[in-house]
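First comes the structure, then the notes that go with it.
The values are calculated or read from the model by the stated rules, or taken from the named source; none is laboratory data. The model shown is predicted, which means the values in this text are computed figures rather than measured ones. FYI the Cβ positions are ideal-geometry reconstructions off the backbone, even for glycines, and counts take in every protein chain you see.
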Amino acid sequence: MDMNKRINLELRNKAPEEVTELVLDNCRCVNGEIEGLNDTFKELEYLSMVNVGLSSLARLPSLNKLRKLELSSNNISGGLEVLAEKCPNLTYLNLSGNKIKDLNTVEALMEMKRMRMKKMMKLVYLKDLRKRRRKMRMRMRMNQAQNLEKEKRKWASHT
């Protein structure tokens, strides 16, 4: 089923202005873009688009009341800055199972005031996140060891 048909089905004879939750999981989008979702969904607080084949969020409408967004198991690899602009009140975001390869892509979300980066990072699965964390820990340990050596040399030279 395509996304337009699924939205019409999910409305269940309600006007788009009345809908607060919309679940579009497992429907198909054309060309990897959002379709059928527009600015008339003013009261939308929860939106789920799991496994719909999204590769772009460029056509995401302004959803000022949206708090929770599920985008797992799609083909998104970038363009997350749209979320900061169009969903300013977002507090929960699930991007697991997407094609995000580095942390620079996620940095666009740092502008979101209500999003807690720590909470969001738990939800974002990045292939190399564990490797990067290990590297950061190793660098920190090396810096600590180097600083300790400097202190030892400094004290040794004073005695």
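Assorted remarks:
- Every residue from the range 63-98 that is closer than 15 Å to GLU33 by Cα and in a loop (DSSP other than H, G, I, E, B): LEU71, SER72, SER73, ASN74, ASN75, ILE76, SER77, GLY78, GLY79, LEU80, ASN98
- For the range 3-21, the tally of residues that are among the charged types (D, E, K, R) and over 18 Å from LYS68 (Cα atoms) stands at 4.
- Hits in the range 53-76 - residues which are among the aliphatic types (A, V, I, L, M), touching a helix residue (DSSP H, G or I) at 6+ places or on another chain (Cβ under 8 Å) and closer than 23 Å to GLU17 by Cβ: LEU57, LEU60, LEU63, LEU69
- In the range 3-35, the residues that are touching a helix residue (DSSP H, G or I) at 6+ places or on another chain (Cβ under 7 Å) and acidic (Asp, Glu): GLU35
- Residue in the range 88-100 that is under 13 Å from the mean Cα position of the chain (by Cα), among the charged types (D, E, K, R) and surrounded by fewer than 16 Cβ atoms within 10 Å (Cβ to Cβ) present: yes
- Considered as a group, the residues in the range 25-44 that are in a loop (DSSP other than H, G, I, E, B) and aliphatic (A, V, I, L, M) include one that is surrounded by the most Cβ atoms within 10 Å (Cβ to Cβ), and that residue is LEU44.
- Hey, LEU22 at pLDDT 95 or above and either assigned to a loop (DSSP other than H, G, I, E, B) or in contact with a His (Cβ under 9 Å, 6 or more places away or on another chain) (or both) or not: no
- Filter result (on the phi > 0 side of the Ramachandran plot and in contact with a helix residue (DSSP H, G or I) (Cβ under 9 Å, 6 or more places away or on another chain)) within the range 79-110: GLY79
- Selection status of LEU47, touching a strand residue (DSSP E or B) at 6+ places or on another chain (Cβ under 9 Å), crowded, with 20+ Cβ neighbours inside 10 Å, at pLDDT below 95 and outside any loop (DSSP other than H, G, I, E, B): no
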